Structures are given as C-alpha cells and as structure tokens.
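What follows is a single structure, written as structure tokens, with notes after it.
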Amino acid sequence: MGDLLVDVVREAFTPTTAAFALAAVGLNFHFGLTGLLNMGQAGFMLLGMYGFAITVREGGPIWLAVIVALAVSMVFGLILGWPTLKLRGDYLAIVTIAAAEMVRYLGRSQNFNSLTGASTGIRGNEFKGPFEDLSPFPDRMVDVGPFAFHGTRSTSWWLILVAWVIVAIFILIFARLSRSPWGRVLKGIREDEDAVRSLGKDVYSYKMQALVIGGAVGAIAGVIWSLGASVQPDSMGRPTTFWIWTLLLLGGAATIFGPVLGSILFWCALVLIKGLAAMWIPDTVLSQEQLQPFSLLLVGVTLMLLVIFRPQGVLGDKRELAFND
Amino acid sequence: MKRSLGTRAMVRALVVFLVAAAAVTWLLSAQSTAATSQSASLTSIVTTDTANHAPALGSAAIADSIAVTEVATPEQTAESDAQSRVLQNVFNGVVFGLLLALASVGLSLIYGTTGLSNFAHGEQVSLGAMVAYFFATDQPVSIPLTPWEFVIGWPLWWAAIAAIVIAGGTGWIQDKFLWGKLRKRGVGVVQQMIVSIGLSLALLNFLQWWIGPDRLRLSKAIEVRHQVGPIQIGNITLMSIAIATVVLISVALFLQRTRLGRATRAVSDNPSLAAASGIKVDSIIRLVWIMAVSLAALGGILMALYDSGTKFDVGAKLLLLMFAAVTLGGLGQPYGALAGSLVIGVVVETSTLWLGPDLKYATALGILIIVLLVRPQGILGRAERVG
C-alpha cells in the first residue's frame, strides 16, 4: 500500500505528466480560448519530436532543433487551418484527426525509413545526448526522499526540472495572453463569432493565430515527451489526443491551471486504478495484461461523464463553457 | 432533401467517377510503358523474372494476385501483368468500397438526422466482428469479470445474425439511455461529439479487454478462388459482394419508397418541420440508430471475412476512411456516402500500386483534406454555406 502511494505521488511530477500538461495548455489555446476542436494534438506533438530528434541526429545544435520543431508544427497548423477554419467546427475536428493520423502513417512508413526510422522510430541515444550533456546533475541515480530517478539520463531529475520550468513559463504566457486584448477577442470568437466579426475583427486570422500557437506549444510538449522516452510514431496515435482532451476537460478548459491539475489527476488516477485493481481483483477475473485496457476503459467512461455532467471540469466556470455550436 | 437524387447530383458523381477512372488508366499506361521499357532492356532475363520485377517497380504488395499464366515475350508479359494487377486492385477497391459503404451509410444517416459526427461508429464495426467471433469460434471464450470459460462454436451464419441483432440492440440502448437523454437535455452537438469520442475510447478498450489483442479468424474455411478474366475472386468475397449489394439496395428502397423512409429523409432535412407535420422525430432517430449500428456490424463481419482476419481495432482504423467517404459524398447524404465509399475504396486499393501498402490509408486522408479545400459540401451535398 505504501509503495503504491509512493508510485502515485511519483507519477504526479514525471516528465510524461509535464508533457501532457503542456500539450493540454496548447489545446487550451485552441479549445479553451477559441473553441476550436483540434482532435490532432498528438500529430503536432509527433511533428515536434520528429523535428527536434532529426535535427539533433544530423548534428544540429539544440536551439536549432527547438526552432525546427516549432517551425514544422506551425507550418502544419497553417496548412490545417487554411481550408477548415472557415468551415463549421466539426470539419476542423475531422480534418485535424485525419491529418494527425496521416503524419503518423507517413512517419511509420517504410518509404521514409532513413529519415524517421519507420515504425521503430528514433531511438533515444540518437538524439538525447546534447540535451543530457547540459545537465548540471550527477550522472548516476539520485534518491530524493522515496523517489529515485537518474540524475541526467532519460527520465531524469534534469528533465523533470526543465519540463516543469517550461510548463510554468507557458502557463504564465497563457495567463497573460488570455487576459490581453488579443485573448479577449479569442474568447469573443468562442462565445459568438458573428458578434466579433461585426466589430470588424478578422475572425479567420485570429483563429489561425490560436491554432498555430497552440500547435507550437504541443510540439514543445512532444519534445519533452520524447526526451523522457523515444520518438515512437505509434505512441502518438488518436488515443493520445483523446487523453489530452480528457485531462483538459477534467482540469477545466479555459482555466489557467486546469491543464496541470488535469494532467496530474489523470496520470495519478491511472496508476492508482491499476495498483488497486492488481491488489484487490484476483488474477483469474482480471489478468495482468487486461489491466491496461480496463483502466483505459475507465478513461473513456470518465470523459463521457465529465462532458455530460460537469463540462466545466474541476476548476472551470460554468458560464465560461467552451462548447459552442 | 426535396429530390434526394437530383440529376445534377448524378452528373456530378458521374464526372468524379470518370475523372478518377481517367486518372487510373493514365497512370496505368504510364506504368506499363515504364515496365515495357524496363523489360525491353532486359530481354535476356528468364520469363519468370518479369513477374517478379514488376512489383519492385510499382511496389504492389498483393501477395496472391500475381498470376502468370502464359508467357509470350517479356514485353507482353509485363504489360498484361501490370494491367491485370491494376484491374485486380480496382476490383478489390470496389469490393472494399461496398463493405465500407455499409458502415458509412449509417454514419451518414446518424449525421443527417441528429447532426452528430459519431466517432464511436468505428467501434460499432469492430463490435459486430468481435461478437460474431465470440459466437462462432471453437476456442474457449469468456465474459469480462466472470471466471467461467465456455465454447459456443455456432455456425457462422447463426453467429453473424446473432451479432447483428446484438449490435442493433446496442444501438437501441445507446439511443434510449444516452443520446436520446442528451438530446432531451439540450446538450450541444459538439459536446455530444466529445461524448462519442469517450464512448469510442471506452468501447475500444472494452473489446480489447474482452476478446484480447490478437488477430482473429472468423472462418476457418479456405477460400476457393475463381479466375474471371484477369481478376481472381474468392467464393466468400462473391458472397460478401452479393450480401452488401442486396442490403444497400434495400436501404435505398427503404429510404425512397416506404413511409418510414420518407419520414427519415424528412427528419434529416429539417427536424422541426418534420415534427410539426406529425412525424415522431424521436422514434425515427431511434430507428436510424438501430439501422446504422446493425449495418456497421454487418460491414465489420463481411470485412473480417474479406480480409480473412479481424482485430479489436479494425473499426478504429476504418473510422477515418468512413469520415473521408462521408465527407466526400456530402455530410448527411446516404447516397453520397455510398459514392464516396466506392471512390475511397478504389483509391485506397489502387494506391498500393505506387505507394507502399503501409501508406494506403494515408491517401484516403489526403483526399479528405483536398475535398474540404475544393468542395467542402462533397459530391452530392448542396452548395450552401457550411461555415
């Protein structure tokens, strides 16, 4: 029981949790502020990690790799937004989900094996080096209280520090932007597009800006995620996007700390459910390999119940619902 | 939908088809000249090799469709071989399109009557195949959270019918306890869409939990293949084509000729007006749900037979193809979904001639994006403001 508690708390600050929180911040620009239904956030993440990992592998410096990741995802956002932002909301949903899947199919295709490594992806030791060389922490396991992580390698204290600092920076940016005149226009678009248009604002351009910025934040999230694991196209499929949606709605869309709270609750709950199920439900009824689908089944049910009964999430304001038809 | 299949719409669909056909033949001629020029320079190579180097050119990976019968000169072989491969792929595409249409017609009907883009429709396809497997397999199966294992092992016909009935039941349950309630509460369409995403995630993982992650075979029978001209057709495929065609025609007749069908189209056109003229909108929508998920289940079963295997996530992979087909045909237009599915099916199958088979779904998604760019209302949709 004690071990499980440690595992749950540990999950609250792993780089994965930070990466998903950041991806949800990006989605918050789309959905929370502007009401855009981006169902392809995983595609933005995947493009970001490809941009980063390939640049580093080919010998580019880290700053260039980050710029490439941002640029690739921004171009992706522009291409996606161009045909769809003038159409009804669900068209954007269908196109983004299709485009994200297309990125995944192209990434795992044998045709681009030399560039993307096909379905095996890009292994960690091919692109993590320069980032890990920057680490000020020792190159061994470091225990802090009950939590043991490596100092610099892979899922390390160094990555945890960097990841959460980046999350904090983007939350600050989000908070400032959402209260700026620019953010108020986006909220206006969310509430009533025609009203904003009648005030002389270029709605299409504002939506495009939101889509591109949110996608770029998603790309950074992808980079953080890949630094903790590896570049793996199949881990960025549709379920990933749906998880990001679930945790954003759980924390509360259009709120400042909603994405972080949602991500922490989501990942801790997953670990807790798996731990408790393994402890209490006998193996004959629910075997070890059935635990994963079982807990993800609960994620799906949670998403449904949330949207039906508490669409504003934990932190949200019922008057500020981002659902708009 | 005043006249659901106007002449202009027909002409439009025909034009798209002709353009697609022209493109295919053009690419075919380009390919076969490339093949002949290649083989002309390699005349000394033994004739059996010509059959092997053509796939390297086009990287077509249909394993069992390479049938070399008679060999005269290398040039002729390469040409007729490439041609028969294209024909085979177009044929496979039409079959795939018909089976896809079974699923996407339902998706389109649901969209038309309720405005919901149902992201859980893919899982309805898998559900049909999985339940059919559950009844038909001679392996021990069990129900989740119960420790008992048992063997059912019904013949495939029975299993398929039971699966379709059960799937229809899930449609009824869904509409009665979920979608109907949401509509009554006035929950918005976007919110309902996200609910359907949650449902798809839940169903997908439920199926994996229940049936397991392995690839399954519905039928152990080995397919007898016939050679019809340049095309190979299996027995089971022929049966699937027949069933799919009959079902699709009866759906069309239902929509076109019966009172209920007319009421369905009325609801699809304008729900409030339909309600005002005495149509029970809610029961029509319930009927549409039952029909749509039964069709999806049938599609899943036939697809499992056609692919000679199925998996818990087969529908999730098809969902985007369905959306592509439905968007191509015009959201909410059942006949559009049919035309769109055929186009998507042919494109997906013929694309394997030029691109690797791992990219075949990507081409369909490319089409989806291009359609939205050029003609967002689809082939059969009316030109109206969709923004």
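The values are calculated or read from the model by the stated rules, or taken from the named source; none is laboratory data. Only a predicted model underlies this, so the values are computations on that prediction, with no experimental measurement involved. Cβ coordinates were reconstructed from backbone atoms using ideal geometry, including for glycine residues, and neighbour counts include every protein chain displayed.
With respect to being crowded, with 20+ Cβ neighbours inside 10 Å, polar (S, T, N, Q) and in a helix (DSSP H, G or I), A:Thr241 fits the description.
In the list A:Leu291, A:Leu315, A:Leu247, which residue meets the criterion of being surrounded by fewer than 24 Cβ atoms within 10 Å (Cβ to Cβ), within 13 Å of chain B (Cβ to nearest Cβ) and either under 28 Å from A:Leu4 (Cβ atoms) or not hydrophobic (A, V, I, L, M, F, W, C) (or both)?
Details: A:Leu315 fails: within 13 Å of chain B (Cβ to nearest Cβ); A:Leu247 fails: surrounded by fewer than 24 Cβ atoms within 10 Å (Cβ to Cβ).
After ruling out the rest, the residue left standing is A:Leu291.
Of the candidates A:Leu78, A:Leu64, the single residue that is in a helix (DSSP H, G or I) and away from chain B (no Cβ under 14 Å) is A:Leu64. Would you check if there is a residue in the range B:204-224 being under 21 Å from the mean Cα position of the chain (by Cα), under 30 Å from B:Glu149 (Cβ atoms), of a type in the set (Val, Ile, Thr) and outside any loop (DSSP other than H, G, I, E, B)? No: zero hits. Taken residue by residue, the range A:146-161 has at least one member that is surrounded by fewer than 14 Cβ atoms within 10 Å (Cβ to Cβ), in contact with a strand residue (DSSP E or B) (Cβ under 9 Å, 6 or more places away or on another chain) and of a type in the set (A, V, I, L, M, F, W, C). The set of residues in the range A:294-312 that are in contact with a Leu (Cβ under 8 Å, 6 or more places away or on another chain) and more than 7 Å from chain B (Cβ to nearest Cβ) comprises A:Ser295, A:Thr302, A:Leu306, A:Gln312. Sub-6 Å Cβ pairs linking a first residue in the range A:99-128 that is closer than 24 Å to A:Gly77 by Cα to a second residue that is of a type in the set (Val, Ile, Thr) and part of a helix (DSSP H, G or I), at least 6 apart or interchain, are A:Gly107/A:Thr116, ordered by first then second residue. Considering A:Ser235, A:Ser263, the condition of being of a type in the set (S, T, N, Q), closer than 17 Å to A:Pro15 by Cβ and crowded, with 24+ Cβ neighbours inside 10 Å is satisfied by A:Ser263 alone.
In the set A:Leu36, A:Leu27, which member is under 17 Å from the mean Cα position of the chain (by Cα), assigned to a loop (DSSP other than H, G, I, E, B) and of a type in the set (A, V, I, L, M)? Give the derivation first.
Details: A:Leu27 fails: assigned to a loop (DSSP other than H, G, I, E, B).
From the options A:Leu36, A:Leu27, the qualifying one is A:Leu36.
With respect to (1) over 15 Å from the mean Cα position of the chain (by Cα); (2) at pLDDT below 90; (3) on the phi < 0 side of the Ramachandran plot, the lone exception for A:Ala254 is condition (3). All conditions in (1) away from chain A (no Cβ under 13 Å); (2) at pLDDT below 90 hold for B:Asp214, with the sole exception of (1).
Conditions tested, residue by residue: (1) on the phi < 0 side of the Ramachandran plot; (2) more than 11 Å from chain B (Cβ to nearest Cβ); (3) under 20 Å from the mean Cα position of the chain (by Cα); (4) surrounded by 21 or more Cβ atoms within 10 Å (Cβ to Cβ).
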| residue | (1), (2), (3), (4) |
| --- | --- |
| A:Ala93 | yes, no, yes, yes |
| A:Ile97 | yes, no, yes, yes |
| A:Val103 | yes, no, yes, yes |
| A:Asn111 | yes, no, no, no |
| A:Asp133 | yes, yes, no, no |
| A:Leu172 | yes, yes, yes, no |
| A:Lys187 | yes, yes, no, no |
| A:Asp192 | yes, yes, no, no |
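One residue alone among B:Ala78, B:Ala160 is aliphatic (A, V, I, L, M) and modelled with pLDDT of 85 or more, and that residue is B:Ala160.
Of the helices (runs of 4 or more DSSP H) lying entirely inside the range B:76-188, the ones with 2 or more residues being of a type in the set (Phe, Trp, Tyr) are found at B:121-136, B:156-174.
The single condition among (1) assigned by TED's automatic domain parsing to the domain that holds B:Ala163; (2) touching a residue at least 40 places away in the same chain (Cβ under 8 Å) that B:Gly366 does not satisfy is (2).
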